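Report on the following structure.
The values are calculated or read from the model by the stated rules, or taken from the named source; none is laboratory data. Everything numeric in this text was worked out from a predicted model, so none of it was measured. Every residue, glycine as well, gets a Cβ built from its backbone with ideal geometry; the counts of neighbours run over all protein chains shown. For accessibility, only protein heavy atoms count, side chains too; no ligands or nucleic acids. Shrake-Rupley method; radii C 1.70, N 1.55, O 1.52, S 1.80 Å.
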Amino acid sequence: MFSMAGAGKRIAVLTSGGDAQGMNAALRAVVRLSYFHHAEIFYIRDGYKGLIAGSIERATWESVADVIQTGGTFIGSARSKEFMTKEGRLKAASVLALNEINALICIGGDGSLTGLQLLQSEWAQLMDELVDLDKMSVERAQRCMKLSVVGIVGSIDNDFASSDMTIGADSALTRIVEAIDAVVDTAQSHQRTFVIEVMGRQCGYLALTAALATEADFVFVPEWPAGSDWQTTMCNRLAMMRTLGRRLNVVIVAEGAMDDKGNKITPEAVQKVVEEKLKFDTRITKLGHVQRGGRASFLDRLLGTRMGAEAVYTVIEPTLCTEAYVIGIEGNKLKRVPLGKAIERNKMVATAFEKGDLNAVVRLRGKTFAEKVEYLQSTSEIAASKAVLSRSRSSSSISSLSSSSSGLSSPAVSPVMNIRSSPSMINAKEESGKESSERSEKEKNKSGRLGPSSDKTPEPPATMNMALAVLHVGAPAAGMNAVTHSFVRCALAAGYEVYGVHDSLTGLASGMIEKLDWSSVAGWVSKGGSMLGTKKEKVTEPYAIAGTLSNYNIKGLLIVGGFEAYSASLALSFHRKLLPELRIPIAVVPATISNNVPGTRVSIGSDTALNEIARLIDYVKQSGTGTRKRAFIVETMGGQCGYLAAMGGLAGAADSIHIFEEQVYERDVERQREEAEHRVKRRGTHHYLMVRGEGCHMKSEEALEIFRESTQMSSRLTTLGHVQQGGAPSVFDRQMGLRMGAKALSSIRTMLMEEPHPDSENEGTVMIGLQGSSIRATPMIELKKVSCFSHRSHNDTEWWRKLTHLARVLATETRAPDSAQDRENKRGAQCLQLLSEAVNEAQIGDSRESAGGDDSACTTNPRGILVPTFEQSVVQRGRDKRRTKGVEESAANSVSYEEELVECEEGATTSE
């Protein structure tokens, strides 16, 4: 199965600028999808520098066989000042035209894509200049007059304004967070302060996200300049955290950090201030280029693969290839943005920086970035108010809580921002329009710098005469504790008492409840498993649960967990008819590695599990390079949901994937065994990898027995087991946990103002989930319609099922579109015609008689052309065409490549 949509296309791909983990995944997708669509594909080594030097070579299908997990870029990258000159671009255009390249894919950052735009905009002019300089014929220039270009953003800084995420950012964050987690251990032992420097010259994404994921005490980022008296502000903050019982301090500094006067803030300056003013033992750790290296994370493998596939489809699709695009992502959906528009948007960010309009910078960074700033501000304020209470307001006034001295005036609004604006949000809807308007005007009149106000000592939040509770239900998942951390601290900020329920529903029924304060959840963000305890169980004692809720005056409940948590919330809602104590708001945050809960695209814990699956598959494949000629069958968890197997197979570059949602028969496994036998015979291929979910209809042991029938290879079964549930949460799961915990509190507060009907089981219960790029609350009544309780799953699986098709296409070996064959079809036919004419004129016969040769010795016609070589090529091409006859080409108006891929695969299946 393959498509002819790319026939005639000669695509070149290069990586430019700073390298980033995930670039190799994008390269793999570009190469494999080019073969799939019958397009020729070439590498340009060492970026634009290599393009100018003519370092171009044909890419082979096997060259990307084992690169998806590696960091950096295997074709090399470099920054080229020469390319930014007209003479440099003229040389580059000459190389592309002489190799008849008609499509160029560039993987790089803002500077690389700016160069790509310049090349595309000047292309016609460059062709004319090459003709005028006699460096190219007019005919060749006319054939090469159009160049399709597509950009893929690869940058660890995540500083591209037209995409929510860039390739490499998640892996870099993983390196940073792992390093800080390790530093915390030693800092805890010696009561030290550590100053961590991370990359980010003009974008504080890495520093800001790392600060949230590691509970750092202070952070310096370019978008949030420190006040002129930042030394006092920071020292007060660090001292305040020690007052709250913290034995260490962590300060994160982005390399582009500065104060509000434009003075650079360095780790050395921070260290000097802390040691002189606080006398704390302080150390500096500069992470440097370790942030760029190492194994690519699951998200970067997925993002690189998806973007690479979309880039190929864009350059071969007739209605799209005439314009220049950059591939971005918004929420969970890929998008094509005109390259010029994207570059212009990035220039707007730079202009806003120059003007000092930092609110505009944050707004252009995107909604998620603004939410992180707001969350950091709100937690800073409540921490300070707790310190004020602990000191009984007898100590000196704390002059500041963060690195700036004014309020936030960004238009982006989130539940966390509301917490900061109004510590008593329960009455927020009762405020008059006049009061709201006055407060809004007051915010507008504040300074443009980001950060909480520092002109007075913070007041503690007003205390509510009610309590909230949180419990964990179901199997453990990394990120559960981050949800609890966020929910507890935001609830404390709003003035609620918060209780933690130990041992799940059993603990709620038996009253195993503990009051949580600010310090109770310190350090929980980085902890795996469940600090409160969790188990798989159902609601069996509703009357006892109602009694506990009444005894502790609990007016809102957060349940964190998987399908069991979802079912428990429905059961508690059902008993509302008889038990008034259960007529309270209930919010459920999905936390399960299986990702089988409705109402969300991704559940907390699944990213951590997939990173672990990808890592273990990498080890299995590495074993295969030593043993040679071996098939590996890897079984993942997931129950009757194939998400882990599908995404793990894609991230691990599996040759075949089996999931519960698709029936697998014995003949399918036998065919895959034959394919594996063919693969291991080839030079450079040492193993075959199959990834299966534990809920597949055919058991993994049965598949293993079929593979063991082979006499040409050995077979092994690896069951990953419960290691998928363990480990520290990934950066993504920490972020999602913090966001969902804050959203859960906001939803509960809203429902408290709109008390559900006493007899209603469909109101007052919501699922907090990721939909697009937003965290939303969905009523349970809507989710029951799409749930399958017998299989403990739901039917909203289309988005990742499409990616399963993509993974299979990338693993399907396709005949190389060899230039000597594909571009000379007409020449081969002409040679046969010449042969026929020669026979008619009896010229070949005369040549044989004079030379005394036989039929087999005849290799040329009178014009000196190698006739038998071309004849054999044409015969072979005819066989290949007959083999692929009936396969439909890709639909021209498809919204995205992933949707097109499913249609193409279904068409091929029908043809068979």
Practice task
Give the accessible area for Tyr35 in Å² (nearest 10); use a 1.4 Å probe, count only protein heavy atoms, and leave out ligands, DNA and RNA.
Solution key: 10 Å²
Problem - Whole-percent carbon and sulfur share, accessible surface of the range 182-306, 1.4 Å - result: 47 percent
Problem - Surface/4 of the Cα convex hull for the range 119-197, nm² - result: 8.8 nm²
Fill in the blank from the handout: For the range 534-675, averaging the sequence separation of alpha carbon pairs under 8 Å that lie six or more residues apart and dividing by its residue count, the contact order in percent is 17 percent
Handout entry: Surface per residue (accessible, 1.4 Å probe) for the range 68-215, Å²
Key = 36 Å²
Completion exercise
FRET efficiency for Met753 and Asn551 from the Cβ-Cβ distance with R0 = 25 Å, rounded to 0.05, comes out at 0.55
Completion exercise
Here the range 340-347 yields Karplus 3J(HN,Hα) values (6.51, -1.76, 1.60; θ = phi - 60°; whole Hz; Gly and Pro given as x) of x, 5, 5, 5, 5, 5, 5, 5
Problem - Linear extension gain, Lys784 paired with Met4, 0.36 nm per residue minus alpha-carbon span - result: 276.5 nm
Practice task
May I have the convex hull volume per residue, in Å³, for the Cα set of the range 153-290?
Solution key: 97 Å³
Problem - With DNA, RNA and ligands ignored, accessible area of Ser623 (1.4 Å probe; Å², nearest 10) - result: 50 Å²
Problem - Relative contact order (%) - criterion: Cα under 8 Å, at least six apart; region: the range 567-621 - result: 20 percent
Practice task
Could you sort 805-812, 110-117, 778-785 so that the peptide with the highest average Cβ count within 10 Å comes first and the rest follow in order?
Solution key: 110-117, 805-812, 778-785
Practice task
Please give the contour-minus-distance gain from Gln712 to Glu662: 0.36 nm per residue of separation, less the Cα-Cα distance, rounded to one decimal in nm.
Solution key: 15.2 nm
Exercise for the section: Provide the convex hull volume over Cα atoms per residue for the range 524-650, in Å³. Expected result: 134 Å³
Problem - FRET efficiency, Glu798 to Ser774 (Cβ-Cβ, R0 22 Å, nearest 0.05) - result: 0.70
Practice task
Just the number, please: carbon plus sulfur as a percent of the accessible area of the range 658-697, 1.4 Å probe, no ligands or DNA/RNA counted.
Solution key: 39 percent
Practice task
With no solvent and one equal point scatterer per Cα, compute the Debye intensity ratio I(q)/I(0) for the range 654-784 at 0.12, 0.16, 0.21, 0.22 Å⁻¹ and report its log10, rounded to two decimals.
Solution key: -0.73, -0.90, -1.17, -1.23
Exercise for the section: Could you state the accessible area per residue of the range 604-737 in Å², with a 1.4 Å probe and every protein chain left in place? Expected result: 38 Å²
Handout entry: Equivalent-ellipsoid semi-axes of the range 194-265, from the Cα gyration tensor, Å, largest first
Key = 20, 15, 8
Problem - Estimated FRET transfer efficiency (Lys86, Lys341; beta-carbon r; R0 35 Å; 0.05) - result: 0.90
Problem - Share of alpha-carbon pairs per 10 Å distance bin for the range 222-377, given as whole % - result: 8, 24, 30, 22, 11, 4, 1
Handout entry: Potential extension, Ala124-His678 segment - 0.36 nm per residue separation minus Cα distance
Key = 194.8 nm
Fill in the blank from the handout: Computed ³J(HN,Hα) along the range 76-81: with the Karplus parameters 6.51/-1.76/1.60, θ = phi - 60°, integer Hz and x for glycine or proline, the list is x, 9, 7, 9, 10, 6
Fill in the blank from the handout: Taking placed amide H atoms and a strict 5 Å upper bound, the residues 5 or more places from Gly294 or on another chain that come that close are Gly71
Exercise for the section: Starting from the Cα of Lys272, step 7 Å toward the Cβ, then list every residue of the range 209-235 with an amide N under 15 Å from that point. Expected result: 230-232
Problem - Out-of-range pairs (alpha-carbon distance over 18 Å; input Lys743/Lys784; Lys515/Lys555; Lys9/Lys333; Lys333/Lys367; Lys333/Lys802) - result: Lys743/Lys784; Lys9/Lys333
Practice task
Along each of the three principal axes of the Cα atoms of the range 1-157, give the extent in whole Å, ordering the values from largest to smallest.
Solution key: 47, 38, 21
